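First comes the structure, then the notes that go with it.
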Amino acid sequence: MDEFTDRHNSGIYHFSIIRHPISRFISAFIDICVNRAGKPHLTNKLCFACRGSLECFVPKLHDFLYKQSVHRPVNKWSLDWHFLPQSWYCDYDRHLDKYDKLIRYGRNDQFWTELVNMLGKRGVPPDLLSDIEKQLKTKKNLHATFDRSSEYEKKLMNNPLLLEYVYKIYHLDFVWFGYRLHATNTEE
C-alpha cells in the first residue's frame, strides 16, 4: 500500500483547490509575461523573450511542455512552473479518485463559502475560520491580474490556433476536472 492510501485510510481528509485552466493560464501570463517580463532586466529571461505576446508565447510554451512531458532536455526558466498543467501536480494521475473534495477556485462567495464550510466540517476552530474568510474576502494579492484578464482572454478566445494550443497543453485539466473549453470565468 502506498503512502497516500495509508494516509487516506487514517482519517486524513484530502482536498485540492483547482482553477479553470484558461483563467489560470491568463493570470500567470499577465503576471509573469506582461508585468514582470516588462522589466528591462527580465525581458529576455522570462516567457521565451516574447515580450507579452500571446502569439509568440503560446506555441513556445506548448513545445516546451511537450518536451518536458516526453523527458527531453529543456532550458528551464524561473517561474515556468506557473504554466504547468494542474494535472501534473499532486500525483493526480495516480490518486485523483482518492481525493475527498476538489474545490473550484473563484473570487466569489460560492468559493469562499465552500472552502470555509469544508474547513469547518474538518474541525478548524471558528475563530480561525473567521480569519480565513476575512483574508479571502479582503486581501488583494500583490500580483493580482483580474483587472486585465478580460483583455487577454478575448485575445486568446478569438484566436482559434492559440486556443487549440492551450487546449492541448491543458487537455487533462479540462478532462479530469470537468471544465469546458469555452466556459471560462475571468471573474474567478
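Which count do you get for residues in segment 112-136 that are in contact (Cβ under 8 Å) with a residue 60 or more places away in the chain and part of a helix (DSSP H, G or I)?
Of the residues in segment 112-136, 2 are in contact (Cβ under 8 Å) with a residue 60 or more places away in the chain and part of a helix (DSSP H, G or I).
Taken together, the residues in segment 1-39 that are modelled with pLDDT under 80 and hydroxyl-bearing (Ser, Thr, Tyr) amount to 2. When the residues of segment 94-141 are filtered to those that are under 24 Å from Phe177 (Cβ atoms) and loosely packed, with under 11 Cβ neighbours inside 10 Å, the one that is modelled with the lowest pLDDT is Asn141. Within the option set Leu181, Leu156, being modelled with pLDDT of 90 or more and either closer than 26 Å to Ile32 by Cα or in contact with a Cys (Cβ under 8 Å, 6 or more places away or on another chain) (or both) holds for one residue only, Leu156. The one condition from (1) in contact with a helix residue (DSSP H, G or I) (Cβ under 7 Å, 6 or more places away or on another chain); (2) exposed (fewer than 12 other Cβ atoms within 10 Å of the Cβ) that Val74 does not meet is (2). The residues on offer are Leu61, Leu46, and the sole one that is surrounded by 15 or more Cβ atoms within 10 Å (Cβ to Cβ) and at pLDDT below 90 is Leu46.
The values are calculated or read from the model by the stated rules, or taken from the named source; none is laboratory data. As the structure is a prediction and not an experimental result, all values here were calculated from the model. A quick note on method: Cβ atoms are made from the backbone with ideal geometry, for glycine too, and the neighbour counts reach across all protein chains shown.
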